[in-house]
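Novice: Let me give you the structure first, and then I'll get to my questions.
The values are calculated or read from the model by the stated rules, or taken from the named source; none is laboratory data. Treat the numbers as computed from the prediction; the structure is a model and nothing was measured. As a convention, Cβ positions derive from the backbone with ideal geometry for all residues, glycine included, and neighbour counts pool all protein chains shown.
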Amino acid sequence: MSVDTLYKVALYPFITESIASLKAMTNLTGTAGEAFMDNVDDFRFKGYAVCSDVKGSLDGVIMMHHYPETAIAIGNSVCENMFGETYNHTEINEDLSHALAEWGNTIVGRSTDLHGRYNLNYDFSAPYFVQDTTDMDKFLVGVKEVVTVPITVDGVGRYYFNLLVRGVDYQNVGKEAREQSQGITNQHTNDLPKSAKILLVDDSAMIRKALKRYLSQLGYDNIIEADDGSVAVEKVKNESPDFMFMDVVMGEMNGDKALAAIRDMGSDVPVVMLSSVTDKNLVDACKSHGVSGFIFKPIQADSGAQTIADYLKIA
């Protein structure tokens, strides 16, 4: 299979979404170079990678990876844009790991959503992170081709997208497209009382921290948190929140499943969903369980409080 075909079918959505998310989440500008076929035997890990396994008609690994200095610069910029403060970390620490995870999750979520809407008969795993160069060998087992695209970030450096291909079967690739959703706005008009208890549900500690900060700016300080849908169900049962913001894609139980469980146990707490995935089927599924809105990530410091305020309505 040609490098051009593999690039257009598999890598292109990741390239375009990474450049768009780079601009939206860091105010940095990225430019994609030409795709080329890397030599499998010479392929080397550069130090920090966001990976997603691909299974189905395409078997392999999508890898977005960086030299450490590029990852640090991007991580600092993600933090600055999310919290409106200057960050000058010089190594990948917990803050930058959370920031890079959120950036990577946004890119993978939006890109795999686009792939899914074209029914290409392959699926992506949840993104995961690799920082140990000794782990590279296991990724290369069975790999026949490596397609690489360099991304140059103005004033920062480069990161790379790699598609590590073990096999491709285009006989079963579908062509029917699914529709993208434009989201759900909150149709209610009454402001949520400042004393209300608000539950934040997201497996990203960074997102919870940002949402908590935006809510505090709006005068809401009675905040409780959960890092998974299963925990959220228990929090609703035991702590009776007045309002919820909940991520869709999480570890043990996704937000759409948690929402269904919350409704099944009789709770009518207003819920606003958060996701980087724009699939209309997913949004409609959440809508069928009664939501007060659906916000597409990312959310940034300059507009975060206002975005959240637009959804803090009841009745």
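Novice: Within the range 40-79, can you find the residues that are in contact (Cβ under 8 Å) with a residue 40 or more places away in the chain, out of contact with any Asp or Glu (no Cβ under 7 Å at 6 or more places or on another chain) and charged (D, E, K, R)?
Specialist: Arg44, Lys46, Asp53, Asp59, Glu69, listed by residue number.
Novice: Can I ask one more? Please tell me if Ala226 is among the hydrophobic types (A, V, I, L, M, F, W, C) and surrounded by 22 or more Cβ atoms within 10 Å (Cβ to Cβ).
Specialist: Against the criterion (among the hydrophobic types (A, V, I, L, M, F, W, C) and surrounded by 22 or more Cβ atoms within 10 Å (Cβ to Cβ)), Ala226 qualifies.
Novice: Under 6 Å between Cβ atoms, at least 6 apart or on separate chains: pull out the pairs that start in the range 125-143 with a residue that is within 21 Å of Glu69 (Cβ to Cβ) and end on any residue that is outside any strand (DSSP E or B).
Specialist: Cβ pairs passing all conditions: Thr133/Phe45; Met136/Phe45.
Novice: Go over the candidates Gly219, Gly251, Gly290 one by one and state the one that is assigned to a loop (DSSP other than H, G, I, E, B), among the small types (Gly, Ala, Ser) and either assigned by TED's automatic domain parsing to the domain that holds Asp95 or modelled with pLDDT of 95 or more (or both).
Specialist: Testing whether each residue is assigned to a loop (DSSP other than H, G, I, E, B), among the small types (Gly, Ala, Ser) and either assigned by TED's automatic domain parsing to the domain that holds Asp95 or modelled with pLDDT of 95 or more (or both) leaves just Gly219.
Novice: Right, something else. I'm trying to understand the selection: among the residues of the range 293-312, which are surrounded by fewer than 16 Cβ atoms within 10 Å (Cβ to Cβ) and either of a type in the set (Ser, Thr, Tyr) or not in a helix (DSSP H, G or I) (or both)?
Specialist: Within the range 293-312, Asp302, Ser303, Thr307 qualify.
Novice: Here is a follow-up. If you take the residues in the range 128-159 that are aromatic (Phe, Trp, Tyr) and touching a Phe, Trp or Tyr at 6+ places or on another chain (Cβ under 9 Å), which one is modelled with the lowest pLDDT?
Specialist: Among those that are aromatic (Phe, Trp, Tyr) and touching a Phe, Trp or Tyr at 6+ places or on another chain (Cβ under 9 Å), it is Phe129.
Novice: In this structure, does Gln306 turn out to be under 19 Å from Ala24 (Cβ atoms), modelled with pLDDT of 90 or more and not β-branched (Val, Ile, Thr)?
Specialist: It is true that Gln306 is under 19 Å from Ala24 (Cβ atoms), modelled with pLDDT of 90 or more and not β-branched (Val, Ile, Thr).
Novice: Mind listing whichever residues of the range 14-31 are of a type in the set (S, T, N, Q), more than 18 Å from Glu80 (Cβ to Cβ) and assigned to a helix (DSSP H, G or I)?
Specialist: Selection gives Thr16, Ser18.
Novice: Can you find even one residue in the range 30-42 that is buried (at least 17 other Cβ atoms within 10 Å of the Cβ), among the polar types (S, T, N, Q) and modelled with pLDDT of 85 or more?
Specialist: So far as the range 30-42 goes, no, none of its residues is buried (at least 17 other Cβ atoms within 10 Å of the Cβ), among the polar types (S, T, N, Q) and modelled with pLDDT of 85 or more.
Novice: How many residues, within the range 223-240, are assigned to a strand (DSSP E or B) and not hydrophobic (A, V, I, L, M, F, W, C)?
Specialist: The total comes to 1.
Novice: Restricting to the range 192-216, name every residue that is outside any helix (DSSP H, G or I), over 18 Å from Ile295 (Cα atoms) and touching a strand residue (DSSP E or B) at 6+ places or on another chain (Cβ under 9 Å).
Specialist: Correct list: Pro193, Ala196, Lys197.
Novice: Across the range 254-280, which residue is surrounded by the most Cβ atoms within 10 Å (Cβ to Cβ) among those that are part of a helix (DSSP H, G or I) and of a type in the set (Asp, Glu)?
Specialist: Out of the qualifying residues, it is Asp256.
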